[in-house]
1. Just give me the residues in the range 61-87 being under 11 Å from the mean Cα position of the chain (by Cα), at pLDDT below 75 and in a loop (DSSP other than H, G, I, E, B), in sequence order.
2. Which residue is nearest to ILE5 (Cα to Cα), if the candidates are limited to the range 43-60 and must be part of a helix (DSSP H, G or I) and among the basic types (Lys, Arg)?
3. Evaluate the range 72-85: report whether one residue or more is free of Cβ contacts under 8 Å to residues at least 40 places away in the same chain, among the acidic types (Asp, Glu) and surrounded by fewer than 20 Cβ atoms within 10 Å (Cβ to Cβ).
4. Does LEU19 count as outside any helix (DSSP H, G or I), closer than 22 Å to GLU80 by Cβ and at pLDDT 95 or above?
5. Only one residue in LEU150, LEU119 is outside any helix (DSSP H, G or I) and under 30 Å from ALA45 (Cα atoms). Which one?
6. Yes or no: the range 4-16 includes at least one residue that is assigned to a loop (DSSP other than H, G, I, E, B), buried (at least 16 other Cβ atoms within 10 Å of the Cβ) and more than 18 Å from the chain's Cα centre (by Cα).
7. List, please: which pairs have Cβ atoms under 8 Å, are six or more places apart or on different chains, and start with a residue in the range 27-48 that is surrounded by 14 or more Cβ atoms within 10 Å (Cβ to Cβ) and end with one that is among the β-branched types (Val, Ile, Thr) and in a loop (DSSP other than H, G, I, E, B)?
8. Would you mind stating whether ALA148 is aliphatic (A, V, I, L, M) and without any contact (Cβ under 8 Å) to a residue 24 or more places away in the chain?
Amino acid sequence: MTKRIDQINELSREQFVELLGTIFERSPWVAAAVWKDRPFASREALHTAMINVVRESRVDTIIDLVRAHPDLGTRLAVAEYSAKEQKGAGLDQLTAEEYERFYGLNQMYVKKFGFPFILAVRGKTKDDILAAMEARIGNPASKEAAQALLEIEKISGFRIRDLITE
């Protein structure tokens with residue numbers, strides 16, 4: 001069910017957070033923080049406001065946001081948006097060998113960086129995702145932290161566009 005931006009602007013704080021609270025993985029605080037800034041001229045303006053809240057947050061809050069994302073290819077239960085996105089990339093149909101490869105790379109990545117590998121998987125295949133994991137695991141921590149935030153921006157942008165029509 002999509003909504004227009006004018007409908008979003010009319011929501012109570014509770015309704016707004018309920019509807020938009022999952023745009024950023026398990027982080028409804030982002031939606032709560034921008035509610036007061038309504039009305040938004042467009043979904044892009046809303047998304048920009050949400051991104052700015054994240055960027056202006058304390059480092060430990062940003063780290064918590066990054067860590068709220070699931071491992072790609074996990075067999076554990078994940079949030080509805082993540083499940084749909086991973087399914088679209090074929091990560092719900094991994095062979096045992098592929099699963100082990102994803103699992104091993106996820107473990108190595110988390111051990112090195114302290115947060116899960118994040119990639120906006122929409123439009124990508126499982127091979128694309130594996131290649132990105134293998135390429136990025138060699139990056140320095142500062143580059144990966146910055147890339148994780150860029151990927152979160154892409155992911156949340158896709159989700160906003162799915163939810164809000166112009």
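1. Let us first name the residues in the range 61-87 that are under 11 Å from the mean Cα position of the chain (by Cα), namely 65-70, 79, 81-82, 85.
This time we only want the ones that are at pLDDT below 75, so: 70, 79, 81-82, 85.
PRO70, ALA79, listed by residue number.
2. Here is the first cut: in the range 43-60, the residues part of a helix (DSSP H, G or I) are 43-55, 59-60.
Subsequent filtering for residues that are among the basic types (Lys, Arg) retains 43, 55.
Details: ARG43: 6, ARG55: 23 Å.
Only one residue tops the list, namely ARG43.
3. Here is the first cut: in the range 72-85, the ones free of Cβ contacts under 8 Å to residues at least 40 places away in the same chain are 74-78, 83-84.
Add one more test, that the residue is among the acidic types (Asp, Glu), and what stays is none.
Scanning the range 72-85, I find no residue that is free of Cβ contacts under 8 Å to residues at least 40 places away in the same chain, among the acidic types (Asp, Glu) and surrounded by fewer than 20 Cβ atoms within 10 Å (Cβ to Cβ), so the answer is no.
4. Values: outside any helix (DSSP H, G or I): no; closer than 22 Å to GLU80 by Cβ: yes; at pLDDT 95 or above: yes.
Spelling it out, it is not the case that LEU19 is outside any helix (DSSP H, G or I), closer than 22 Å to GLU80 by Cβ and at pLDDT 95 or above.
5. Numbers: LEU150 fails: outside any helix (DSSP H, G or I).
Matching residue, one of LEU150, LEU119: LEU119.
6. Our first condition is that a residue be assigned to a loop (DSSP other than H, G, I, E, B); within the range 4-16, this holds for 10-12.
Next, only the ones that are buried (at least 16 other Cβ atoms within 10 Å of the Cβ) stay: 11.
Filter again for more than 18 Å from the chain's Cα centre (by Cα), leaving 11.
Yes, the conditions are met somewhere in the range 4-16.
7. PRO28/THR22; VAL30/ILE23; ALA31/ILE23
8. Working: aliphatic (A, V, I, L, M): yes; without any contact (Cβ under 8 Å) to a residue 24 or more places away in the chain: no.
Answer is no for this residue.
The values are calculated or read from the model by the stated rules, or taken from the named source; none is laboratory data. Since the structure is predicted, the reported quantities are computational estimates derived from the model, not experimental observations. Positions of Cβ are generated from backbone atoms using ideal geometry, with glycine treated the same way; all protein chains shown enter the neighbour counts.
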